Structures are given as structure tokens and as C-alpha cells.
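Accompanying notes for the structure given below.
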């Protein structure tokens with residue numbers, strides 16, 4: 001296996017990369033993930049990681065995008081884009097585009113089927129849909145569910161759906177008032193109509209969540225936990241028990257997820273119904 005610059009990938013590169021990200025003095029986004037690793041060693045050509053505690057997620061952690069193996073561990077040049085993947089970065093304009101060319105020396109034959117790739121940044125959903133419909137781009141991601149019916153009618157456009165590990169949520173900071181009150185949190189959890197949001201806001205593209213971000217696409221997702229459902233009576237009970245009697249601000253935008261504003265409006269209406277049922 002070789003890097004994009006032709007140099008061989010060695011165990012030393014792997015170890016140096018992981019140690020750089022595990023260094024407490026590093027600014028790595030993966031530092032928190034690496035804290036359970038006590039030692040990183042080469043033993044007779046094998047990478048051996050000794051942990052401070054059991055961690056069934058270790059194989060998943062090693063796939064984190066921060067931990068891309070770099071020549072020399074990236075110590076001398078952490079921003080280097082030299083890797084071992086199927087495409088080499090040849091151009092990058094922050095906020096505009098990134099261009100890639102095929103790595104003809106790729107170590108795998110089951111990927112990299114085109115000669116070049118250009119990723120264009122289009123944050124405006126209307127512009128992205130128009131670019132796809134006009135043939136300016138071949139693919140777009142994160143389709144607004146409201147535009148799916150229209151795109152299905154467009155010639156030569158195919159909608160692909162795949163399950164993912166992402167989740168849509170209105171976050172409550174449990175260490176910050178008023179959300180440090182568990183009864184208030186329960187009131188809001190019972191006041192949200194997940195099924196209505198799934199059907200009316202997301203067009204049915206998804207599955208119900210249950211107040212935690214781990215879904216069935218994770219290997220160790222919890223099973224057997226009863227689905228919390230919309231229940232205005234329980235919401236009213238916990239709201240009264242919380243002692244809270246002031247407006248609860250909900251700040252969001254469609255930058256959070258497609259349809260977030262509409263979902264917030266729907267949530268607001270359901271929450272008011274819960275309060276009126278008391």
C-alpha cells in the first residue's frame with residue numbers, strides 16, 4: 001500500500017498518526033475518542049492497542065475521519081492531504097469546491113470508477129435542485145423532503161434512499177436552566193408528536209427516534225426500549241410538576257435539518273395543546 005506521493009505506508013506511519021491524535025497536548029477532534037487507549041505499539045508487525053477499559057466501539061473509532069493515516073503521522077505537516085484513498089486532492093477552495101483525480105495506484109480494485117470528481121458547495125436548496133435538474137451536477141445530497149415529489153417527476157432523475165446514523169433533534173442542555181429540570185424535559189418529550197413530524201415534515205423519509213441519538217444502524221443499538229409517544233396528558237402532568245410557568249424558547253433554523261422551522265411550528269402547536277389540556 002502506498003501513499004499518494006508514492007511512498008510506502010508503514011506501521012510507523014500508523015502508530016505516529018494515532019499517537020499524534022492521542023496526545024493530550026493535541027488539538028485533534030478525535031482526542032476524546034482516543035483517551036481510552038493506554039498504549040499504541042508495533043508488536044512483530046501487528047498494531048497492538050492496550051485500553052484502560054473495555055471499548056466495543058474501538059473498530060468504529062478507528063474509522064473516524066480525523067484518524068486518516070498520514071506519512072510520518074502528519075507530525076511535520078498535519079494539514080497535508082496525502083493519504084491512501086482512491087482519489088487525490090488536486091484543488092480546494094474553501095466554501096466553494098474541492099477537486100480530485102483518480103489514484104491509479106489505489107490498493108483496492110472495487111472503488112474509484114471515475115477519472116475525476118468535483119464537489120461543489122451549494123448551500124441553497126433551490127440552486128442545488130436546479131443544478132441537478134439541468135444536468136449541471138450528477139448528484140446532490142440531503143434533499144428537502146418537500147421537493148422529492150417534484151424531483152420524481154423530472155426526467156433522468158432518480159431518488160436514492162439509504163438508512164443512515166444521523167438524527168433530527170431539538171436539543172436541551174441538561175445542565176442549563178430551565179432544562180436542568182427533568183420534569184420539564186419529560187413534558188417536552190411527551191409534547192412532541194414524532195409521527196406527525198415524520199409524516200408531515202419529513203415526508204415519511206425516516207424512522208421515529210426515542211430521545212437518544214443511537215439508532216438501529218449502529219451495531220450495538222439498544223433494543224426493547226418502549227417508544228415514547230405523543231401524550232398531551234402526561235406532558236401537562238410533568239409541566240405542572242416542574243413548576244415552570246414561563247415561555248420556553250425554541251431557537252432553530254433550516255440549517256439544523258431540512259424542515260426544522262416547520263417542525264418547530266408543529267411542535268409549538270402540540271405543546272400548546274398539552275398545556276391547554278391541564
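Residues in the stretch 201-215 that are in contact with a helix residue (DSSP H, G or I) (Cβ under 7 Å, 6 or more places away or on another chain) and either under 28 Å from residue 149 (Cβ atoms) or in contact (Cβ under 8 Å) with a residue 60 or more places away in the chain (or both): 201, 202, 203, 204, 205, 206, 208, 209. Scanning the stretch 64-76 for any residue that is within 25 Å of residue 257 (Cβ to Cβ), free of Cβ contacts under 8 Å to residues at least 24 places away in the same chain, out of contact with any strand residue (DSSP E or B) (no Cβ under 9 Å at 6 or more places or on another chain) and outside the structural domain of residue 219 (by TED's automatic domain parsing) turns up at least one such residue.
Would you check if there is a residue in the stretch 227-247 being outside any loop (DSSP other than H, G, I, E, B) and either surrounded by fewer than 14 Cβ atoms within 10 Å (Cβ to Cβ) or assigned by TED's automatic domain parsing to the domain that holds residue 132 (or both)?
Filtering the stretch 227-247 down to residues outside any loop (DSSP other than H, G, I, E, B) leaves 232-242.
Okay, now just the ones that are also either surrounded by fewer than 14 Cβ atoms within 10 Å (Cβ to Cβ) or assigned by TED's automatic domain parsing to the domain that holds residue 132 (or both), so 233.
Yes, some residue in the stretch 227-247 is outside any loop (DSSP other than H, G, I, E, B) and either surrounded by fewer than 14 Cβ atoms within 10 Å (Cβ to Cβ) or assigned by TED's automatic domain parsing to the domain that holds residue 132 (or both).
Among the residues of the stretch 151-181, write down those that are under 24 Å from residue 248 (Cα atoms), more than 20 Å from the chain's Cα centre (by Cα) and free of Cβ contacts under 8 Å to residues at least 40 places away in the same chain.
Listed by number, the residues that qualify are 174, 175, 176, 177, 179, 180.
Within the option set 148, 121, 129, being touching a residue at least 12 places away in the same chain (Cβ under 8 Å), surrounded by 10 or more Cβ atoms within 10 Å (Cβ to Cβ) and farther than 30 Å from residue 267 by Cα holds for one residue only, 121. Looking across 187, 219, 191, one residue alone is surrounded by fewer than 12 Cβ atoms within 10 Å (Cβ to Cβ), in contact with a helix residue (DSSP H, G or I) (Cβ under 9 Å, 6 or more places away or on another chain) and either touching a residue at least 24 places away in the same chain (Cβ under 8 Å) or in the same structural domain as residue 258 (by TED's automatic domain parsing) (or both). It is 219. For the stretch 97-110, filtering for residues that are over 16 Å from residue 2 (Cβ atoms) and exposed (fewer than 11 other Cβ atoms within 10 Å of the Cβ) leaves 1.
Hey, among 246, 228, which residue is touching a helix residue (DSSP H, G or I) at 6+ places or on another chain (Cβ under 8 Å), under 20 Å from residue 179 (Cα atoms) and in contact (Cβ under 8 Å) with a residue 24 or more places away in the chain?
Step by step, each of 246, 228 is checked, and only 228 is touching a helix residue (DSSP H, G or I) at 6+ places or on another chain (Cβ under 8 Å), under 20 Å from residue 179 (Cα atoms) and in contact (Cβ under 8 Å) with a residue 24 or more places away in the chain.
Across the stretch 17-33, the qualifying residues are those that are within 27 Å of residue 221 (Cα to Cα) and free of Cβ contacts under 8 Å to residues at least 24 places away in the same chain, and the one among them that is farthest from the chain's Cα centre (by Cα) is 22.
The values are calculated or read from the model by the stated rules, or taken from the named source; none is laboratory data. Keep in mind the model is a prediction, meaning the values are calculated, not measured. Don't worry about glycine lacking a Cβ; one is built from the backbone with ideal geometry, like all the others, and counts go over all protein chains shown.
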